[in-house]
Amino acid sequence: MINTVPKEEIEKQYEYMKKIKDLGLEKTYFIYTMGCKLNENDSEKIAGMLTEMGFTEASTVSDADIVVYNTCSIRENAEEKVFGKLGELKKQKEERGTIICFAGCMSQEPHVIEKIKKSYSQVDILFGTHNIYKFPEMLYKKITEEGKWFDVWNIDGEIWEGVPIKRADKKSASVTIMNGCNNFCTYCIVPYTRGRERSRKPEDIIEEVKGLAEEGYREVMLLGQNVNSYKGREDYNFANLLSDIDQIPGIDIIRFMSPHPKDFKDDVIDVIASSKHICKVIHLPLQSGSSKVLKSMNRGYTKEQYLELVDKIRAKVPDVAFTTDIIVGFPGETEEDFEDTLDVVRRVDFEQVFMFIYSVRKGTRAEKMEGHIPEEIKSERFSRLKELADGMVDEGNKKYIGTIQKILVEGESKTNSEVLTGRTTTNKIVNFVGDKSLIGKEIEVRIVSQHVWYLKGETI
Ligand code: SAH
Ligand code: SF4
Ligand code: F3S
């Protein structure tokens, strides 16, 4: 049974936010966000709570009175980075009494908590992924009482609603529709840090998206570790949710991340095919092209099933494009297995490939597997995959030249205010010279050339 945190508990947290605001502290905050979009969305809620408490966002960490590290455990290098940053803050804490908060997936790992207790005494507040909504209470106690507040829950996880949010992006809004994961891919730490899979109620999600449309958002990104196992009710799945969101006036672009290939059912494909708003670029994490490796990763599909799924989606959604995640150097991966991965990459012709070198995670099943691959072989395979994928992305971009593309104009380019920037329905960045009145509008442009990071267009 999935619990919903009672309204009274959230109201209690609003009382703490008010109490802190009434202290009139005039302090500033800075949040470091690592990891995935779910973490980014959590940070938006942490920022929402801090704003409600009367704090303002600092432009740099050195100007901040409260620093929150919202951490990620997915790969070792992500973890190491945080400890480096924590070290840098020690002096600042001594000089201006900065309050240091440690949150996110790393907080859910016992060895991390041990390490912090032992060697990082500068951390004042530590909370996990399950009790983010209790941050105001912890911060209030830290401000008004002596001591440290470390609180991490080892539970399956709950759903909580109604926490304030300060959105980082003014054009695209992230909406977490579910949390946790039950898949236990053998390499992955997420099921341990985020708990069991749990879906928000359809009416809460729909109300949030309607509110976003009223605020002027035209794009939403639906988030979850495995969105197509969303279950809002016994008779309400991801396809139902997509089709209900598709009807909300004002929302023109709907994206979602990530679907799991093993749960990508026909009803979802049909909704995508018939929708005008659902983005036709689908992130479909492959992880490996070898059926043997996929089995040992516990992914629940074979190479052939993945390719069949791609074909099935292409048949129903002709203009679809795919992006993917791939891990190289999983334990036991032979040269032949790796060739299978390259084969799938060639056959699917991905728009973009996010590549990762396998990183051992404590407590996962793969940690104990035999056949760990030496670092130099992992990097050599990584380079080969990168070369193939880069070449294909380059070829893919060439296909756009001369075509007319519908784009949503997002704003001025970061590097040149004369140039506007937008994205195609397949998520390609298009830069073009145009009048600023076009910002926020959907227009057609002709693609004239392709560059490493973007396509160049002209208005028609
Ligand atoms: N729920 C998503 C993945 C979230 S993690 C899914 O199932 O697709 C994002 C990506 O990080 C994964 O797709 C995987 O490619 C990569 N990843 C996860 N664990 C990893 C590990 N131990 N080493 C290297 N890459 C990893
Ligand atoms: Fe990790 Fe697999 Fe769950 Fe994705 S589906 S979060 S890779 S366990
Ligand atoms: Fe990282 Fe946690 Fe996301 S481990 S990828 S922040 S769910």
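The values are calculated or read from the model by the stated rules, or taken from the named source; none is laboratory data. As the structure is a prediction and not an experimental result, all values here were calculated from the model. FYI the Cβ positions are ideal-geometry reconstructions off the backbone, even for glycines, and counts take in every protein chain you see. Side chains are part of the model used for accessible areas, which takes the heavy atoms of the whole protein and leaves out ligands, DNA and RNA. Shrake-Rupley method; radii C 1.70, N 1.55, O 1.52, S 1.80 Å.
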Q: With an 8 Å cut-off on Cα pairs and a minimum separation of 6 or more residues, tell me the relative contact order of region 329-460 in percent.
A: 20 percent
Q: Between the alpha-carbon centers of region 418-450 and region 52-70, tell me the distance in whole angstrom.
A: 34 Å
Q. If region 303-460 were replaced by its equivalent ellipsoid, with semi-axes equal to the square roots of 5 times the Cα gyration tensor eigenvalues, what would those be, largest first, whole Å?
A. 37, 18, 14
Q: Just the isolated ones, please: cysteines in the chain lacking another cysteine beta carbon under 4.7 angstrom.
A: Cys36, Cys72, Cys101, Cys105, Cys181, Cys279
Q. What is the chain's relative contact order, in percent, from Cα pairs under 8 angstrom and six or more apart in sequence?
A. 10 percent
Q: At a 1.4 Å probe radius, which order do Glu219, Glu15 fall into by accessible area, largest first?
A: Glu15, Glu219
Q. Considering amide H positions built from the backbone, and no H for Pro or chain starts, which residues 5 or more places from Leu126, or on another chain, come under 5 Å of its amide H?
A. Phe102, Trp149, Phe150, Asp151
Q.
Sort 19-27, 299-307, 321-329 by the packing proxy (mean of other Cβ within 10 Å over each peptide's residues), most packed first.
A. 321-329, 299-307, 19-27
Q. Lys18 accessible area, nearest 10 Å², 1.4 Å probe?
A. 120 Å²
Q: Mind putting a number on the dipole of region 169-279 about its Cα centre? Charges go on the C-beta only, +1 for Lys and Arg and -1 for Asp and Glu, and I need it in Debye to the nearest 20.
A: 440 debye
Q. Taking only the alpha-carbon atoms of region 401-459, what semi-axes of the equivalent ellipsoid follow from 5 times the gyration tensor eigenvalues under a square root, in whole Å, largest first?
A. 15, 13, 10
Q) How large is ³J(HN,Hα) for each residue in region 432-448, as worked out from phi by the Karplus curve 6.51 cos²θ - 1.76 cosθ + 1.60 (θ = phi - 60°), to whole Hz, x for Gly and Pro? A) 7, 8, x, 6, 4, 5, 7, 4, x, 9, 9, 9, 9, 10, 9, 7, 9
Q.
Placing unit charges on C-beta atoms (Lys and Arg positive, Asp and Glu negative, everything else neutral), compute the dipole magnitude of the chain about its Cα centre in debye, rounded to 20.
A. 280 debye
Q. Remind me, what semi-axes does the chain give for its equivalent ellipsoid, largest first in whole Å, using sqrt of 5 times each Cα gyration tensor eigenvalue?
A. 36, 29, 23
Q. For the chain, which whole-number percentage of the solvent-accessible area (1.4 Å probe, protein heavy atoms only) is attributable to carbon and sulfur atoms?
A. 50 percent
Q) What is the set of long-range amide H partners of Ile357 at a cut-off below 5 Å, with H atoms built 1.01 Å from backbone N? A) Val328
**Q.** Cβ-based charge dipole, region 169-279, positive-most Cα from Ser199, Thr186, Ser172
**A.** Thr186
(Q) Strictly greater than 25 Å: what percent of every Cα pair in region 7-151 meets that? (A) 21 percent
Q) Per residue, how many Å² of accessible area does region 211-286 show with a 1.4 Å probe? A) 37 Å²
Q. Which is farthest toward the positive dipole end of the chain among Phe322, Val452, Met49, measuring Cα position about the Cα centre, with Cβ charges +1 (Lys, Arg) and -1 (Asp, Glu)?
A. Met49
Q. Taking Cα centroids, how far is region 26-41 from region 325-368 in Å?
A. 29 Å
Q: Quick one: angle between helix 76-88 and the longest Cα principal axis of the chain, in degrees between 0 and 90, rounded to 10, please.
A: 40 degrees
Q) When we measure straight from the Cα of Lys210, which lysines land under 17 angstrom away, once same-chain ones fewer than 8 places off are left out? A) Lys166, Lys170, Lys171, Lys201
Q | Per-residue HN-Hα couplings for region 296-306 [Karplus 6.51, -1.76, 1.60; θ = phi - 60°; Hz; x = Gly/Pro] | A | 6, 7, 6, 7, x, 8, 9, 4, 5, 5, 4
Q | Cut-off under 5 Å, modelled amide H: who pairs with Ala173 long-range | A | Glu219, Val220, Met221
(Q) Apply the Karplus curve 6.51 cos²θ - 1.76 cosθ + 1.60, θ = phi - 60°, to the phi angles in region 250-260 and return the couplings in whole Hz, x for Gly and Pro. (A) x, 8, 9, 10, 10, 10, 8, 7, 10, x, 9
Q) Taking the alpha-carbon centroid of each part, what is the distance from region 166-233 to region 267-297 in angstrom? A) 17 Å
Q) What ranking, highest mean first, results for peptides 308-318, 369-379 when packing means the other Cβ atoms within 10 Å averaged over each residue? A) 308-318, 369-379
